[in-house]
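Before any comments, here is the structure.
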Amino acid sequence: MNRLFTNAGKRKIDPGLLFLLPGFAGVLLFYLWPFLVSLWYAFTDNPIKGNFVGLANFIELLHNKPYLLGLKNTLMFIGMSVPLGMILSLAVAMLIHRTGRRKELFALVFLIPLVIPSGSMVFFWKALFLNDGYVNGVLVSLGLEGINWFETPMAMYVILLIFIWKNLGYNMVLFLAGLHNIPKEYYEAAAVDGSSGVLTFFHVTLPGLVPMLVLTAIMSVINSFKVFKEIYLITGSYPHESIYMLQHFMNNMFFSLNYQKLTTATCILVLLITVLVQTLFRFERRHDQ
Amino acid sequence: MKRRMALACSFALILSLAGCGQTKEASVEQILNEELSGEITVSCYDTLISKDFLEKAAKSFEEKNPGTKINVEAFGKMPEIKTSEGSNCKIAIATKEDDSQERTNYINKINTELMSGGGADVLSMDILPYYKYADSGLLEDMNAYMDADSSFDIGNYRENIIRAMEYHGGQYLLPLDYIFHYIAYDSSLFSDEEKIRLESGKAKITYEEIFDIAKDAFERKNANSAERVSMIGAFTNYMMLDEMMAPGYETYIDMENRQVNLMDGRFAALLESVRNYGELGYLQQSLELNHLDMNDIKKQREDQFFYKTKNQLSLTSEVLREAGLNNGKLNFGFGSAVGGDDSNDKALGPLTDGNKNAPFDYLQAYGINANSSNKALAWAFVKYLMSEEIQSDPQLMLVGLPINNAARIEQAETTITRSFLEESPGEGSVEDGELTETEKRTIDRYIEVVENFSDSLNYHPVQDDTVNNMIRSEVSHFFDGSKSAAEVAGVLQEKIELYLNE
Amino acid sequence: MNRRFFDAAVTATLVAMGVLFAAPLIVTLTNSFMPGNDIVAHYTTQFSVFDVIDGIKEKFISIPVIPSRITLSQYKDVLVSQPVFLMLLFNSLKITLPVVLGNLMVSILAAYGFSLWKWKHKEKVFMIYVIIMLMPLQAVLVPNYIVADQMGITGSYLAIILPGIFSPFGTFLMRQNMKSMPKEYLEAARVDGASPLYIFLHIVLPQMKSGIAALTMLVFIEYWNIVEQVIIFIKEYYKQPLSVFLSYLPSENVGLVFAASTIYMILPIWFLTLGQKDLEKGIEMSGMK
């Protein structure tokens, strides 16, 4: 303790570091360390007393059909769900921000999907989309033919719907927080300049939201992995091949105690995502300057 | 400077982690010579049979071996919630689904613990995929223990059952009991000539064959009778398929060698014949298990079937009937959970693949964690679970047949004398402790039948829940007519291959 | 005129979407007052005697909104006959509240630390925060277990709470939120010679209400719904939170599960309404000098 103070006299400790330190210690222990350990497993042949095998796991994995199928589906799903989810939730956040009446109530309604217990949620989606479910009942009563939702390529769209339904509120909260941080004076200034609604959006709103856009983009990617939980609960560990995700592969590997394959798959995923995150941050920084 | 410190720190961490897995391997001989002490944990999923059994066995083991402690861990089952429904209401939703979620959670938990190098010392293999654990080297091969331990003589146990559960030459799990199906026929429905045919083919019973023998009898009976008599009481097509696949399971799906072979036409033919049996009226499928009420049960008990697939528990009633006793006990077994009229039943023998495989199953079996830090105690406890003392303890009565030979004979005596006592209370043997002649004869006959049937059991293929679920859901498309047998076989071949190659 | 029409259209859109999002909640709520038999009749497609009489050939699941009969018996069961429910609910709180409070504190400090810190590689450190967040749960489960095991906290809530407190998501969110805060304030204060702690308490903190509200809401929801980690770490069922119980598909007592779900959802929803108001508080330039 004493040394800390005396040292501080000689060479000033960065105050930022002091604020950061408690959090960083925890992150190191509970996140960074497990992260590094699990990456280490990717280079071994067995979770317990494993031997170092170099890149063998990676080579094997790239020849693994189920893995490649899962990777393809996951990337496709991210490509569709993240932009769509972000645009929709931004639109809803803007609408709620604008609307004069019952702001809180509307915002609350969109958060409801986040608090429904997963058991009930799965129960509802099943009641809607099973072969003898509600939606097919409506279709048949309209004189159309029922669709086997979960066992045709339609499954992807059902999952997309579930994802958007579940996560719209999440992004909306983040966008609302961001929108409120844009000082009203900016808007007033734009109004004085006679800027139109669309122009204000592109010149004031969007630039003000950049940090939050980066955040929601990254969180959407994470949440698009998490949607696996619902797919899994609805369709089991081996669903129709159009919705066989990377998470299915990982989950199944976990169940087969094939931990090294699981972490190898994660390694590759992390690599891909690092590229994405880096691009997003670069975009943010360039915008900042 | 700062950076170097951080580097040193993380090195220290890595070393400490690497260090924790590097305990020196002790040989089995060394383990067996260790003094029994300390504590172990036994983990099971099932709270219905295993938990109670294990807790009682653990208590008596601790009393016998002071200084040891056996912790029994059952997966935290959620509290049962009952609603106060009206007296006539029936809730008609199957509980299968939430069950599978709970199983998943349990396996998840065990996997995490095992892969972290920890976990329970003794694992009950009630729902765990033991072959995956064996593949990953997480289970101890108990062959070495059985050979090296002089107090363990495999001759005291049903060796054919134990050996049939080997996996890639290793004994990764030891069963406490075994169960099996056998076929019985209703002798009042067959002509003498047909009975001779049945009795002569006793050793190798397949459904195809016995259905063929009963073809004429079936038509005879159902031509001039208003009440239809089914061949067998299968509830669903899928159950029938499952039963017919069982004796030759590995020729379709060989989990041990990760092979699947559904494309050579045999599987499609099997599907076709099950459907054919349904169309011919062989299978009795009207009964919904979910909707059973007292009337259904009563009616079921009067129903006649040409054949019944029973399980080993029903062997007692078979023998008691021969001895002139009909204690009206229910039959247990596939398709006859509530009985059917068994007054003319004659047992044929265990189901086979027509060649040499006769399948069986177990209710309780245990394996030892290869990472256990107290293998001596773990082995001693598993051995104790298989001992005569535990296996014949009436309080711990195993549901299946005891694996221990002496215990099996004791169990036979208890079961038969109890049945006699129930039949004619007061007259039994309990007062003077001596068995009557009839009782002795019946016991001997029962033991003869059980041992005879048990001798032929030799087939316990590795089965996988996921694969079986895939088959179950896919064949439903065949039975509801939306897909052809060949299509179903094709889809399954692909799906299961994907799973096995994952 | 135009403005009014626009407002009406916005409200109409929001109402329409809101109904969709709130539907499961409404159904759960109304169904929780429905007698068990009625529920079973609606959600099963097994034929009953009545269907045969009515000549119904195909049956689909119907989702009833308005109960034909109303009963409070399920609530009586949940609250009176089955006190275990209340215990599980209490467990949920015991896990969630410490995580929310702890994570808030750690995250705000760390985020401020990041913005103060002058090390040239700090953006790289920040990126590590983001990337470790992306690890799928299955991949870090085993190292997490090892860490908890070595700390001797498996089987206790600490194994869930501690990682929750240090979750990097909070830091990420707070930092992004801070970025959109106009830098002029901080510069002005620094020029005036205020200490970092003073700036933090008197300028940064009051400005971050909407971010804090968003973080509180999202973390609360996440830990309220926690399932996987609990299953690994908590052995006794009476120590598990309600979310684990409700993650199983309602099967036998659908009505009862509806009632339990309703109670389970009330708390977070009430909590969200509290957070809503703070979400509205953005930066007010006029209050600043």
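Peptide C:261-268 has a mean shielding of 3, counted as Cβ atoms of other protein chains within 10 Å of each residue's Cβ. The local environment of A:Leu209, defined by Cβ-Cβ distances under 14 Å, has a net charge of -1 under the rule Lys, Arg +1 and Asp, Glu -1. Shape of the range A:120-267 from its Cα gyration tensor (a ≥ b ≥ c, root eigenvalues): rounded if a/c is under 1.5, otherwise prolate when a/b > b/c, or oblate? Oblate. For the peptides A:85-96, A:59-70, the ranking by packing is A:85-96, A:59-70, with the highest mean count of neighbouring Cβ atoms within 10 Å listed first.
Checking the a/c ratio against 1.5 first, then a/b against b/c, what shape does the Cα gyration tensor give for the range B:347-499? Because a/c hits 1.5 or more and a/b fails to exceed b/c, the range B:347-499 counts as oblate.
Of interest is the spacing of the C-alpha centroids, which for the range A:239-289 and the range C:148-215 amounts to 27 Å.
Between B:Glu208 and A:Tyr157, the simple spin-label model (points 7 angstrom out along Cα→Cβ) gives 4.6 nm. Both the radius of gyration and Dmax for the range A:117-157 are 10.8, 35 Å, in that order, over alpha-carbon atoms. Here the range A:120-206 was treated as a single set of alpha-carbon atoms; its pair distances binned every 5 Å from 0 give 3, 12, 14, 13, 10, 8, 7, 8, 10, 9, 6, 1 percent. Ordering A:230-242, B:121-133 by mean Cβ neighbour count within 10 Å, with the highest value first, yields B:121-133, A:230-242. Neighbours of B:Glu413, meaning other residues whose beta-carbon lies under 12 angstrom from its beta-carbon, give a summed charge of 0 when Lys and Arg score +1 and Asp and Glu score -1. Taking 0.36 nm per residue of separation and subtracting the current Cα-Cα distance, fully stretching the chain between B:Asn222 and B:Thr414 would add 65.0 nm.
Ordering of B:142-148, C:121-127, A:152-158 by packing is B:142-148, A:152-158, C:121-127, highest average first (other Cβ atoms within 10 Å, averaged per residue). When only alpha carbons of the protein assembly as shown are considered, Rg and Dmax amount to 33.2, 113 Å. For the range B:355-502, the relative contact order is 22 percent, taking Cα pairs closer than 8 Å that sit 6 or more residues apart in sequence and dividing their mean separation by the residue count.
Comparing A:Gln247, A:Gln260, A:Gln278 in a Gaussian network model of chain A where C-alpha atoms under 10 Å apart are linked, the largest mean-square fluctuation is found at A:Gln278.
Dividing the Cα radius of gyration of the range A:76-173 by its Kirkwood radius returns 1.04 for Rg/Rh. Taking every residue in A:208-220 and counting other chain Cβ atoms within 10 Å of its Cβ, the average works out to 4.
At a Förster radius of 30 Å, what calculated FRET efficiency corresponds to the Cβ-Cβ distance of A:Leu21 and A:Leu272, to the nearest 0.05?
0.45
Provide a whole-number value for the mean count of partner chain Cβ atoms within 10 Å of the Cβ atoms in peptide A:247-259.
Counting other chains' Cβ atoms within 10 Å and averaging over A:247-259 gives 6.
Cα convex hull, the range A:87-138: 113 Å³ per residue, rounded to a whole number.
When you work out D = kT/(6 pi eta Rh) for the range A:32-76 at 25 °C and 0.890 mPa s, using the Kirkwood radius from C-alpha pairs as Rh and the Stokes-Einstein form, the result is 207 µm²/s. Approximating the spin labels as points 7 Å out from Cα along Cα→Cβ, the B:Glu39-to-B:Arg197 distance works out to 6.5 nm. The Rg/Rh ratio for the range C:94-177 is 1.01, where Rg is the radius of gyration of the alpha carbons and Rh is the Kirkwood radius. Length gained on full extension, C:Thr273 to C:Tyr238: 9.6 nm, using 0.36 nm per residue less the C-alpha separation.
Computed from the C-beta positions of A:His287 and B:Asp264, the FRET efficiency with R₀ = 45 Å rounds to 0.10.
Label-to-label distance, C:Tyr198 versus C:Ile26, with points set 7 angstrom from Cα along the beta-carbon direction: 5.6 nm. Scaled to the globular estimate 2.2 N^0.38 Å, the Cα spread of the range B:151-236, given as radius of gyration, is 1.65.
The phi torsions of the range B:169-175, fed into the Karplus equation with coefficients 6.51, -1.76 and 1.60 and a -60° offset, translate into couplings of x, x, 9, 8, 9, 10, x Hz, rounded to whole numbers, with Gly and Pro shown as x.
Rounded, prolate or oblate, given the Cα gyration tensor of chain A, with a/c below 1.5 counting as rounded?
Judged from the Cα gyration tensor, chain A comes out oblate (a/c at least 1.5, b/c at or above a/b).
If contacts are Cα pairs under 8 angstrom and at least 6 residues apart, what is the relative contact order of the range A:8-111 in percent?
Dividing the mean separation by the residue count of the range A:8-111 yields 9 percent.
Computed from the C-beta positions of B:Lys69 and C:Val84, the FRET efficiency with R₀ = 25 Å rounds to 0.30.
Kindly provide the helix-only [θ] at 222 nm of the protein assembly as shown, computed as the sum of -39,500 (n - 2.57) over DSSP H runs of four or more divided by all residues, to the nearest 500 deg cm²/dmol?
After summing the helix terms and dividing by residue count, I get -18500 deg cm²/dmol.
Taken as Cα centroids, the range A:30-87 and the range B:143-173 sit 40 Å apart, rounded to the nearest whole angstrom.
Throughout, read-outs are computed from the coordinates displayed, never taken from laboratory work. Note that the structure is predicted; figures quoted are calculated from it, not measured. Please note: Cβ atoms are built from the backbone with ideal geometry, for glycine as well, and neighbour counts cover all protein chains shown.
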